[in-house]
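The values are calculated or read from the model by the stated rules, or taken from the named source; none is laboratory data. Please read all numbers here as calculations on a predicted model, not as lab measurements. Because the Cβ atoms are built from the backbone with ideal geometry, glycine has one as well, and the counts that use them run over all protein chains shown.
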Amino acid sequence: MTSNRHLQLINPEEQFQEQVWEQSGDLIVDPNSVKAKIYFFLHWASSGAAKLVLPNGSILPVTLSYDTDEAEPSCLWLELPKNSSSGFGSLQVATVVISIFKATYRLRANVVDRDQFCLFISLPDSLEVLGARNFPRHEIKAERNHPLKRANWVSKNGQRFEITIESIGLKTLNFMSVDFQISEGEVGEIKLGSFTTEAKCVKTTNGNIICEWLISDSEYHKFFEIYASVSFPKLRTRTFYSGDDVFALYKNSGYFGQFGKADAFKPEIISTWNSLSVGHSYENVDYVTQDQELKPIGASSLTKAFVHGKTNYWAFHQLCALRREEEIDTTGLLYSWRAEYLLGLKEDCMALVWYRSRSRFIEKIYSKLARNRPDKIRLSPVHLVKGTLKVSENFKKSKSRVAEISFGEQIRHCTYSNSVVGGYGPKWLNTSGLLNCVFTLSDEDSSTLYTQEASNLLSTKGEGEGEFYFCYLNEKTDSGLDGAVVGESDRFCVFSKTSLMDLLASIEHGIAVAKRKKEIA
Amino acid sequence: MRCGFIIVVEDSQQPSTQQIFQNLSKPYSATGWPSFGVFVRNGVESISTYKWMAGNSGVIDYVHAEEFESSKISDLFYSWWLKVSSKTEDLICHPSLKESLIAVASKSNADPQLLFFDQASSILLPKLNISWKEAIAIRLAPLVFEVMESSPEILSPHPAIVKITREITGCFHENFDIRGVGNKDIAIAVRTACLIRYLSLANASGNLESSLASLLDNLSPRSPAIIRQLSSVSDRLLNISERAKAA
C-alpha cells in the first residue's frame with residue numbers, strides 16, 4: 001500500500017498543455033480552473049516554487065503542500081524552511097506567488113490556523129496570472145560564492161564602482177550598488193568576469209538597479225557564455241574539451257551509429273570542429289554537459305543554417321547524451337540552452353528541428369507542444385531522403401537568392417526560392433550531413449524544385465556533386481538522388497521565436513515527467 | 001501484485017488472438033490476479049471472436065483500430081477502466097465467496113458489526129487518498145481477519161484476497177493504537193481500516209458517541225486529515241448507529 005500518493009489530484013483532462021498558457025494579467029475565477037491549477041502545482045510541487053509575500057513587501061520562500069491523506073485538499077499548508085529564522089507574524093490573509101513550468105500565479109487566501117513554522121490557509125477563490133513566460137532570469141545567490149557575484153560598473157566619465165549582482169537575464173542585469181548612484185537612462189560599462197559590455201540603467205529602487213544589456217551581435221556569444229555559467233553551471237562550450245573527448249562522447253552515446261562509420265572521418269570531423277570555433281561564432285554554437293567529475297556526458301548544437309527572405313532559420317541539431325538516469329536534469333539543459341540562446345538574440349528568427357518520433361520524450365516536448373500551439377509552431381511528418389546529387393550538365397543557375405553564412409574559418413551557402421529553402425556546407429558542420437538539406441516551408445514539396453536548389457548550391461560552391469538530404473512531406477520514390485536512403489528522422493518542427501518560452505516550459509515539464517516516471521518505476 | 005490489461009490486435013495469423021491473450025494472462029493468474037483484455041480488429045468483426053468472448057469474461061471489449069484515432073479515445077479507456085475495476089472486485093471476492101466467508105466466520109449477512117463497518121467505509125473512504133484496490137481490501141479486511149482466526153485453510157485458494165488485506169489484518173492482530181491514526185509512517189489505508197474497526201467495536205459496545213467525542217477533541221485545521229474528515233461525517237455515523245438500534 002502506498003502513502004503520499006497524490007497522482008489522483010490531476011484530472012486527465014487537465015494536463016500540462018491546458019494548464020500554463022494564460023497571459024499575464026488574466027484573473028482566473030472559475031472555481032474548477034482555480035482548483036485545477038492549484039492541484040497541478042501540488043502535483044508537480046518539486047518542480048515549482050512558492051513565495052509568501054509579507055505586508056512589508058519582503059518575500060519568504062515557503063513550501064506549499066497539503067495533507068496527502070486527503071483525497072482532495074481541504075486546506076493548504078505554507079511551511080517555512082526548517083532552518084528559517086523568520087516568522088509569519090500575525091498574518092490573517094496570506095499572499096502567495098507560485099511558479100510552475102514558467103507560469104506564475106498570485107493567490108490570496110485566509111489563514112485558518114498556524115504554528116511556528118506552518119500557516120494553514122484556505123483554498124483561494126481566484127488566481128492572478130503574473131509575468132507568464134517572461135525571459136528567463138537567474139539569481140546569483142550570495143552563499144554560492146559565485147565568481148560573478150562581484151562585478152564593476154564603469155561610468156561614462158571613467159569612474160569604476162563595485163557592484164553586487166543579484167540576477168542575470170538575457171535582456172537585463174539586476175544588481176545592488178551601495179556607494180554610488182546611477183540614474184535611469186544612464187549608460188555605462190559592465191565588467192563581468194572577463195566580459196565587458198555597455199548597459200543602460202532602466203530602473204533604480206533603493207540601490208537595486210536594473211540595467212538593459214547593450215550587446216552587439218558580435219559580442220553575443222561571449223555574453224551567452226557568461227550567462228550560461230550562471231544559468232547552466234553544468235554546461236561548457238565544446239572547445240572546453242578536446243576534439244578527441246567530444247568525438248568519443250558522440251561515439252559512446254551511439255550518435256554516429258545512425259550515420260555509418262564515423263571513425264574513418266575522425267580527423268576531418270575534429271578539424272572541422274576546430275575551424276568552426278576560430279574566433280568564436282555567433283552563428284554556430286556548441287555546448288557540452290558535464291557530470292560531477294567534469295567528464296562530458298552530452299552535447300548539442302545550434303546553427304544559423306538557412307535563410308528565407310529576411311528571416312534566419314536556426315537549426316537545433318546534433319544532440320547526443322550518454323544514458324545516465326541520474327543526469328536527467330542535465331540532459332534537459334541540452335535542449336533548453338538552445339532556446340534561451342535564440343531568445344536573447346535581437347533578430348526575429350525561427351528555429352527548426354528534425355527528430356525521430358520513436359522517442360517519447362522528444363515527442364512530448366516538441367510534437368505535443370506543437371499540436372497545442374499550431375499558431376506558433378509548424379509540425380510536419382516528413383520523409384528525409386539522403387543521397388548524392390550530381391549537377392546536370394545542362395543545369396543553369398536559377399534566380400534563387402543565395403546567402404553566405406560564415407562560421408569561424410568556414411563558409412556555408414544558403415538558397416531559397418519561393419518556399420523552398422536549402423543550405424550546404426561546411427562538410428561535418430553536422431556529422432550526419434543533415435544540414436546539407438533542402439526542404440519546403442509550404443504544404444507542397446517537389447523533387448524538381450529540390451534538385452534545382454541543391455544544384456544551385458553545388459554550382460555556387462563550384463562542386464559537381466554532393467550529398468544532400470531532401471525533406472519531403474509525402475513519400476517520394478523519385479528524389480533524383482543517387483543511392484537514396486530514407487533517414488530515421490520523421491518529424492520536422494519549425495518554431496517561431498515567440499514560441500520558444502513555451503518550448504522551455506515544455507522541456508521543463510518533459511524532464512519532470514521523466515523523473516516522476518523513474519520514481520514510480 | 002497487479003491486474004493485467006492486454007490489448008491484442010487481430011491479424012488472422014497464428015497464434016490466434018485468443019491464444020495470445022490466454023498466454024499473456026498466465027503470469028497474472030498464477031499470482032491470483034485477474035487480467036483483462038481488449039481485442040482490436042482491422043477489418044470486419046469476427047463471429048468466432050464474439051463467441052469466444054461470450055465464454056471469457058476477461059475480454060471486455062472488441063473494437064475497430066480506427067477507434068484509437070478517435071477523439072473519444074479517453075472515454076473509451078475510461079469505460080474500460082470502469083469495467084476492469086468493477087470486475088476485479090467481483091473476481092477477487094465474488095458475492096458467493098463473500099457469503100461463504102461470512103458463514104465460516106459464523107456471522108450473518110445482517111451482522112451489525114459487519115454492516116456498520118461496511119457503511120462507515122462507504123462514507124469515509126471517498127474522502128481519503130485511498131485507491132480502489134485499497135478500498136476493496138478495507139471492506140474485506142474484517143471478514144478475512146475473522147476467517148484467518150478460525151479457518152485459515154479456507155483462504156488458501158484465494159491468495160489475492162490474503163495479499164491485499166495482509167497489511168490491514170496484521171494491524172488488527174497487533175491491536176492498532178488509535179492514537180497513531182495520524183502517523184504517516186503507516187499507510188493511510190491501514191490507518192483508515194483500523195479507525196473504522198475501532199469505531200465499529202465502539203458501536204457494538206454502545207460507546208460510539210463517546211469514542212467519536214474523544215477522537216475529535218481539540219479538532220483544528222492542524223489535526224490529521226483522517227480526523228478532520230471523520231469530523232465531517234461523524235453525524236452520519238451516529239445516525240447509522242441510531243437507525244440500526246431502532247431497527
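Computed values, structure above
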{"read-out": "Single unsatisfied condition, A:GLN292 versus (1) of a type outside the set (Asp, Glu); (2) surrounded by fewer than 23 Cβ atoms within 10 Å (Cβ to Cβ); (3) modelled with pLDDT of 95 or more", "value": "(3)"}
{"read-out": "Qualifying residue in the range B:201-215 (condition: touching a Leu at 6+ places or on another chain (Cβ under 8 Å), within 14 Å of another protein chain (Cβ to nearest Cβ), in a helix (DSSP H, G or I) and not acidic (Asp, Glu))", "value": "no"}
{"read-out": "Filter result (in contact with a Lys or Arg (Cβ under 6 Å, 6 or more places away or on another chain) and buried (at least 17 other Cβ atoms within 10 Å of the Cβ)) within the range A:168-187", "value": "A:GLY169"}
{"read-out": "Qualifying residue in the range A:402-423 (condition: buried (at least 19 other Cβ atoms within 10 Å of the Cβ) and not in a strand (DSSP E or B))", "value": "no"}
{"read-out": "Qualifying residue in the range A:313-322 (condition: of a type in the set (Phe, Trp, Tyr), in the same structural domain as A:LYS515 (by TED's automatic domain parsing) and touching a Phe, Trp or Tyr at 6+ places or on another chain (Cβ under 6 Å))", "value": "yes"}
{"read-out": "Residues of the range A:350-365 classified as buried (at least 17 other Cβ atoms within 10 Å of the Cβ) and either at pLDDT 95 or above or in a loop (DSSP other than H, G, I, E, B) (or both), total", "value": "6"}
{"read-out": "Checklist (1) out of contact with any Lys or Arg (no Cβ under 9 Å at 6 or more places or on another chain); (2) surrounded by 21 or more Cβ atoms within 10 Å (Cβ to Cβ) applied to A:PRO55, failing item", "value": "(2)"}
{"read-out": "Filter result for A:LEU435 (closer than 15 Å to A:HIS317 by Cα, out of contact with any helix residue (DSSP H, G or I) (no Cβ under 9 Å at 6 or more places or on another chain), of a type in the set (A, V, I, L, M) and assigned by TED's automatic domain parsing to the domain that holds A:VAL391)", "value": "yes"}
{"read-out": "Leading residue by the ranking (farthest from the other protein chains (Cβ to nearest Cβ)) among those in the range B:165-200 that are basic (Lys, Arg) and crowded, with 22+ Cβ neighbours inside 10 Å", "value": "B:ARG197"}
{"read-out": "Leading residue by the ranking (farthest from A:GLU347 (Cα to Cα)) among those in the range A:294-315 that are in contact with a Leu (Cβ under 7 Å, 6 or more places away or on another chain) and of a type in the set (Val, Ile, Thr)", "value": "A:ILE297"}
{"read-out": "Failed criterion for B:ASP75 (all others in (1) assigned by TED's automatic domain parsing to the domain that holds B:PHE39; (2) touching a residue at least 12 places away in the same chain (Cβ under 8 Å) hold)", "value": "(2)"}
{"read-out": "Any hit, the range B:168-180, residues being within 22 Å of B:GLU99 (Cβ to Cβ), in a helix (DSSP H, G or I) and either aromatic (Phe, Trp, Tyr) or touching a residue at least 60 places away in the same chain (Cβ under 8 Å) (or both)", "value": "yes"}
{"read-out": "Residue ranges of strands (runs of 3 or more DSSP E) in the range A:65-120 with at least 3 members of a type in the set (Val, Ile, Thr) and more than 10 Å from every other protein chain (Cβ to nearest Cβ)", "value": "A:93-100"}
{"read-out": "Count of residues meeting criterion [of a type outside the set (Gly, Ala, Ser) and either assigned by TED's automatic domain parsing to the domain that holds A:GLY48 or modelled with pLDDT of 90 or more (or both)] in the range A:463-484", "value": "11"}
{"read-out": "Residues satisfying the stated conditions in the range B:223-242, i.e. buried (at least 19 other Cβ atoms within 10 Å of the Cβ), within 14 Å of chain A (Cβ to nearest Cβ) and touching a residue at least 60 places away in the same chain (Cβ under 8 Å)", "value": "B:ALA225, B:ILE226, B:GLN229, B:LEU230"}
{"read-out": "Only listed residue being modelled with pLDDT of 90 or more and touching a helix residue (DSSP H, G or I) at 6+ places or on another chain (Cβ under 7 Å), chosen from A:ALA339, A:ALA315, A:ALA305, A:ALA262", "value": "A:ALA339"}
{"read-out": "Answer from A:GLY48, A:GLY57 - the residue that is at pLDDT 90 or above and either touching a helix residue (DSSP H, G or I) at 6+ places or on another chain (Cβ under 8 Å) or away from chain B (no Cβ under 14 Å) (or both)", "value": "A:GLY48"}
{"read-out": "Enumeration of residues in the range B:6-54 that are buried (at least 18 other Cβ atoms within 10 Å of the Cβ) and in contact (Cβ under 8 Å) with a residue 40 or more places away in the chain", "value": "B:TRP33, B:PRO34, B:PHE36, B:VAL38"}
{"read-out": "Leading residue by the ranking (nearest to B:CYS3 (Cα to Cα)) among those in the range B:119-159 that are away from chain A (no Cβ under 14 Å) and in a loop (DSSP other than H, G, I, E, B)", "value": "B:HIS158"}
{"read-out": "Some residue of the range A:383-394 being without any contact (Cβ under 8 Å) to a residue 60 or more places away in the chain and touching a helix residue (DSSP H, G or I) at 6+ places or on another chain (Cβ under 8 Å)", "value": "no"}
{"read-out": "Options A:SER489, A:SER432, A:SER479, A:SER455; residue that is in contact (Cβ under 8 Å) with a residue 60 or more places away in the chain and not in a loop (DSSP other than H, G, I, E, B)", "value": "A:SER455"}
{"read-out": "Filter result for B:SER220 (farther than 19 Å from B:SER121 by Cβ, within 13 Å of another protein chain (Cβ to nearest Cβ) and not aromatic (Phe, Trp, Tyr))", "value": "yes"}
{"read-out": "Residue match in the range B:62-81 (condition: of a type in the set (Val, Ile, Thr) and more than 14 Å from chain A (Cβ to nearest Cβ))", "value": "yes"}
{"read-out": "Verdict on B:ALA103 being modelled with pLDDT of 90 or more, in a helix (DSSP H, G or I) and away from chain A (no Cβ under 14 Å)", "value": "no"}
{"read-out": "One residue from A:SER229, A:SER242 being without any contact (Cβ under 8 Å) to a residue 40 or more places away in the chain and of a type outside the set (Val, Ile, Thr)", "value": "A:SER242"}
{"read-out": "Among (1) assigned to a loop (DSSP other than H, G, I, E, B); (2) in contact (Cβ under 8 Å) with a residue 24 or more places away in the chain, the one test that B:ASP185 misses", "value": "(2)"}
